[in-house]
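Please read the structure below before turning to the comments.
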Amino acid sequence: MAQILVVDDSATVRNEVGDFLKKNGIEVAFAVDGRDGLAKLKADPKIKLIVCDVNMPVMDGLTMTEKVRSELNNNAVNIIMLTTESSPAMKERGKAAGIKGWIVKPFKGEAVLASFKKLLM
Amino acid sequence: MTTIQAKESLDRLFKQAIQNSFQGSTDDVVEVVVVSDDDIDKSNQTQIVVITISSYTFRFICLLYCEPTDSTKQYLARYYKKESNDIDSDSLREFSAELTNMTCGKFNRDLVEYFAHVGMSTPNFIEYRSISHFNKLHLSHVKHFKVEINQAIRFHFSLFVSDYANLDFKANFAKEDDVESGELELF
């Protein structure tokens, strides 16, 4: 049972974020795109936080977020976008879909660990 | 048509994005210079990552050329905090794709200041011989860059500009970058 689901098409980012979280005692699951993310979340209802890229093949992160809320009816899981994007329009779409936060890559684990732990409580 | 000031702005924004992503928080000496096409290694071993940034009236095609030398492998291993022996061909592809993603992500963020609707692709790989077909894309501007780290490690980038209408803007380089990477912005 994972606590955080990391959704990114880049294995480099999945490993980078996953290794950091595991070193800090957090259980992590991985998905390679939005569709995979939906399936992993459906299979593991214990997931409390999703860290998700925006630009991905098959299904992007914002579409995945909208489907988490509308199709899975899961309003409990916190979703944070980890992306190179920072356009106001994308952030607004994310907010409307119910994301909790936004991180512009690169991932700096120490800067966000305390906030992640709070969101897992 | 892409105006001269737009070409100059794009070149400088792209160069700034390259510098930004390679420099990171390291003490490396990173130098980015404009070079000719002849400076780029065209061997089959060179991995070429492609990302496009598009709007309604233009498409920017950004390429990273990564030669699989020991020095580039060691650099990427250090950049992504891996042991050198972790760098197999799959890792090299992944690392070079993510490095291109970071570079173009910064370029894309800067472009959003001037163009309301721009979208960036995910990284893909192409072969060198595909580039000769780019001239079918109504190119208005091409520029090649060499990245040299600590005078020892080299990568190359190319920027291809394809326009379908007048493209004119002047980038404001006096403006501070207000995006703090790595920080969590809570809503």
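Read the figures in this text as sums done on the coordinates, not as results from a lab. Quick caveat, the model's predicted, so the values are computed rather than measured. A quick note on method: Cβ atoms are made from the backbone with ideal geometry, for glycine too, and the neighbour counts reach across all protein chains shown.
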Under 15 Å from the Cβ of residue B:57, count the other residues' Cβ atoms, weight Lys and Arg +1, Asp and Glu -1, and hand me the total.
-> -1
Please determine, in degrees from 0 to 90 and to the nearest 10, the orientation of helix B:70-79 with respect to the longest principal axis defined by the Cα atoms of chain B, where the helix direction is its Cα long axis.
-> 70 degrees
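Out of all DSSP beta bridges with both ends in the protein assembly as shown, state the antiparallel percent to the nearest 5.
Working: 40 of 57 bridges.
Among the beta bridges of the protein assembly as shown, antiparallel pairing accounts for roughly 70 percent.
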Measuring from the longest principal axis of the C-alpha atoms of chain B, the long axis of helix B:4-23 (C-alpha) lies at a number of degrees, nearest 10, equal to 30 degrees
When only C-alpha pairs under 8 Å and at least 6 residues apart count, what is the relative contact order of segment A:4-120, in percent?
-> 24 percent
Extreme residue, positive dipole direction of chain B, given options B:182, B:157, B:134 (C-beta unit charges) | B:134
Which of A:25, A:98, A:37 fluctuates most in a GNM of chain A (C-alpha springs under 10 Å)? That residue is A:25
Using +1 at the Cβ of each Lys and Arg and -1 at the Cβ of each Asp and Glu in segment B:4-163, identify which of B:5, B:124, B:44 lies farthest towards the dipole's positive end.
-> B:5
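Rounded to the nearest 5, what % of the DSSP beta bridges within chain B are antiparallel ones? Don't jump to the answer; show the numbers that get you there.
Numbers: 37 of 38 bridges.
Just about 95 percent of them are antiparallel.
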Hey, can you grab everything whose amide H is under 5 Å from the amide H of residue B:183? Only 5+ residues off in sequence or another chain; H modelled, so Pro and N-termini drop out.
-> A:104
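Roughly how crowded by other chains is peptide A:77-84, in terms of the mean Cβ count from those chains within 10 Å of each of its Cβ atoms?
On the way: counts 0, 1, 0, 4, 1, 2, 3, 14.
Counting Cβ atoms of other protein chains within 10 Å of each residue's Cβ and averaging gives 3.
Determine the dipole magnitude for segment A:7-121: charges of +1 sit on the beta-carbon of Lys and Arg, -1 on that of Asp and Glu, nothing else is charged, the reference point is the Cα centre, and the result goes in debye to the nearest 20.
On the way: 18 positive and 15 negative charges, 96 e Å.
Result for segment A:7-121 is approximately 460 debye, rounded to the nearest 20.
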Go ahead and set up a Gaussian network model of chain A, Cα springs under 10 Å, then flag whichever of A:38, A:62, A:82 fluctuates most.
-> A:38
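Assigning unit charges at the beta carbon (Lys, Arg +1; Asp, Glu -1) and nothing else, what dipole magnitude in debye, to the nearest 20, does chain B show about its Cα centre?
Values: 19 positive and 29 negative charges, 124 e Å.
Using Cβ point charges on Lys, Arg, Asp and Glu, chain B gives about 600 debye.
Within 10 Å of each Cβ in A:7-14, how many Cβ atoms from other chains are there, averaged over the peptide? Don't skip to the answer; put the middle values down first.
Values: counts 0, 1, 5, 7, 7, 14, 5, 1.
That average works out to 5.
Excluding residue B:168 itself, what net charge comes from residues whose Cβ is under 12 Å from its Cβ, given Lys and Arg +1 and Asp and Glu -1? Spell out each step's value before the answer.
Details: positive: B:7, B:170; negative: B:8, B:163.
Local net charge: 0.
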Are there trypsin sites (Lys or Arg not before Pro) in segment A:1-75 that DSSP puts in a loop and that have at most 12 other Cβ atoms within 10 Å, and which ones?
-> A:46
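So what is the relative contact order for chain B, in percent, with contacts set as C-alpha pairs under 8 Å and at least six apart?
In percent, rounded to a whole number, it is 36.
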For residue A:69 and residue A:92, extending 7 Å from Cα along the Cα-Cβ vector and measuring point to point gives, in nm, a value of 1.5 nm
Using r as the Cβ-Cβ distance of residue B:113 and residue B:35, and R0 as 25 Å, what FRET efficiency do you calculate, to the nearest 0.05?
-> 0.35
Taking the Cα centre of the protein assembly as shown as the origin, how large is its charge dipole in debye, to the nearest 20, when only Lys and Arg (+1) and Asp and Glu (-1) carry charge on their Cβ atoms?
-> 840 debye
Scoring only Lys, Arg, Asp and Glu (+1, +1, -1, -1) among other residues with Cβ under 14 Å from the Cβ of residue B:137 yields +1
Out of A:97, A:31, A:39, a Gaussian network model of chain A with alpha-carbon springs under 10 Å gives the largest mean-square fluctuation to A:39
Signed unit charges on C-beta, dipole axis of chain B, positive-most listed residue B:108, B:68, B:57 = B:57
